[in-house]
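The numbers here are math on the coordinates, done by the rules we state, and not lab data. In this text the structure is predicted, and so the values were computed from the model without any measurement. Here the Cβ positions follow ideal geometry from the backbone for every residue, glycine too, while neighbour counts run over all protein chains shown.
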Amino acid sequence: MDTDVLIVGAGPTGMTLANEFLMTGVSTVLVDKLPQRSDLSKAGGVQSRTLEGLDQRGLLEPLLATGDHPVTTGHFAGVPLPHDPDRHRLPWRAVPQVVIEGFFEQHLAARGLHARRNHELVGLVQDDDQVTATFANGATVRSRYLVAADGAHSTVRSLLRAAFPGQPGTLTIIAADVRLEGADPSTSHTWNEDGHWAALFPLGTDPQGRPLRRLVLGGPGRSLPREIPVTKDEIRHGLSTVFGSRVQLSELRYARRITNASRQVEHYRHGRVFLAGDAAHVHLPLGAQGMNTGIQDAFNLGWKLAAAVHGWAPENLLDTYHAERHPAGAAALRNVRAQSLLMDWAGTRDPEVLAARETFRALAQLPDVQNHLADLMSGMAIRYPMPGTGLHPLVGRPAPDLDLGPVRVHELLRSGRGILLDPADTHAKVADSWSDRVDRAGQGADTEPMLIRPDGYVCWAGTDNPEPALAHWFGEPR
Ligand SMILES: Cc1cc2nc3c(=O)[nH]c(=O)nc-3n(C[C@H](O)[C@H](O)[C@H](O)COP(=O)(O)OP(=O)(O)OC[C@H]3O[C@@H](n4cnc5c(N)ncnc54)[C@H](O)[C@@H]3O)c2cc1C
């Protein structure tokens, strides 16, 4: 065996996972077919739940210190969703994917983990004990587990012949990073009368401090095959169709066509191989959900694979990855489809679509609707299915970031271990049997007792005996 886990793909999903393994002492080989990291900005924003995950690993402050990453508003189908600090601790941030990837690359390298580049996986076989991966350059890596984080056109997915049902792309839109003259600096969406539309999102600033923006353009006549390069004239024409002469293109940094294909793998686990990120789900880039869902896949899978490698994973723990993340991915695909229809991205101007959009925009002014949509788009609405009846309302949900006196919950999670909050100091004896995997904390704190998994989700809360939950999630007592 060359390594415990082979991660194929050094995008945001693969690098987040690699960091989880560094933290938990799992030997890892991270490979990527590219000779160097991509310099495309791609996804432009980080949602509240992803920010919480990064904070739980001590990565948020150093990430935000890399530059100007302003607080921004999420949106649903173009309707802005203002941040409510009472509901979500951390507001959305405009952090381009390229910054996140650069940050992770440095962070991992500083800890001795360098992606092996020019390693294009071309073959894999697995048996009961291991996975053997072969590469175009002739290399071979044998590992106990393999994670496919190799993106939307995943080779691993093809080699597994994994079912990838959904809808094929029926249109393309243009995504570009630009500098503009005359554009409103805040997030804005706008349409013109004949179905041409443009969406603008802040992307921070260039080295000279000038604002950069993600521009997304679509509408009738704009849906060209992906292979056809986007021209500056096309962007200028798109801008003038929507904004008239108000907004001018100053600089085009890059532009690509993106399709509205919408697919999700049927099974996230294939024996010793796990699919994560875009390898498991693809959809239109609406609300940075692609990158965020992938990073959250990695937080979910990391500690479970570490438990399996270290030999304490309870039976079926690895299967909970599919059980928890497949519904989360399916929910993202659903909301993206709904948004795509409501935004009329195809530019149909179909009266029924326009009527649905107007009705939706009116509904979206209601505070309860805004809260529902903000929970959905921030990643905070996730409730993982967990065993038991009459579950405590916190179970399956992200742990509240309680102030426990000397520390807060997210700081405790930086250990990468489970946490048993024991305010009445009654579970010392029980907790001792799992003290190699779970830390007991919060004695005397003003909180309910609860058990928190290393990924920050509550898996037990209340007044009954925590022992069954400890055994269910953290395996046999010592
Ligand atoms: C132009 C563009 C704009 C986008 N804009 C947005 C946006 O605005 N909002 C949004 O949410 N999302 C956007 N996305 C999607 C977002 O970038 C993805 O959801 C995100 O990158 C997924 O991360 P990942 O790590 O799962 O996969 P990726 O980032 O795709 O990383 C996969 C990695 O695997 C490597 N790889 C592939 N095949 C192999 C192989 N056989 N062997 C070894 N390595 C391999 C690749 O080189 C790559 O580095 C955009 C994507 C593109 C291309």
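List of remarks:
- Summarising the amide proton neighbourhood of ALA461: residues at separation of 5 or more, or on other chains, whose placed amide H is nearer than 5 Å comprise HIS392, LEU451.
- Furthest towards positive pole of dipole, ALA18, TYR321, PRO468, structure part the chain, Cβ charges: ALA18
- Nearest-20 debye value, the stretch 342-433 charge dipole, Cβ charges on Lys, Arg, Asp, Glu: 180
- Eligible lysines near LYS232 by straight Cα distance, threshold 22 Å, same-chain separation 8 or greater: LYS42
- Taking other C-beta atoms within 10 Å as the exposure proxy, THR28, THR205, THR231, THR293 rank THR231, THR205, THR28, THR293 from fewest upward.
- Protection-proxy order for peptides 318-330, 58-70, 347-359, each taking the mean of Cβ atoms within 10 Å per residue, highest first: 318-330, 58-70, 347-359
- Distance from the Cα centroid of the stretch 73-130 to that of the stretch 228-282 is 17 Å (rounded to whole angstrom).
- Taking Cα centre as origin and charging only the Cβ of basic (Lys, Arg, +1) and acidic (Asp, Glu, -1) residues, the dipole magnitude of the chain rounds to 1140 debye.
- Scanning the chain for long hydrophobic helices, with DSSP H runs required to stretch 27 angstrom or more by C-alpha along their axis and to average at least 0.0 on the Kyte-Doolittle scale, returns 289-309.
- Partners for LYS429 among aspartates and glutamates (Cα-Cα distance below 18 Å; same-chain residues under 8 apart left out): ASP439, ASP464, GLU467, GLU476
- Where only alpha carbons of the stretch 169-321 are counted, the Rg and the Dmax (Å): 20.2, 64
- Take every pair of alpha-carbon atoms less than 8 Å apart whose residues are at least six positions apart; their mean separation over the length of the stretch 172-259 yields a relative contact order of 44 percent.
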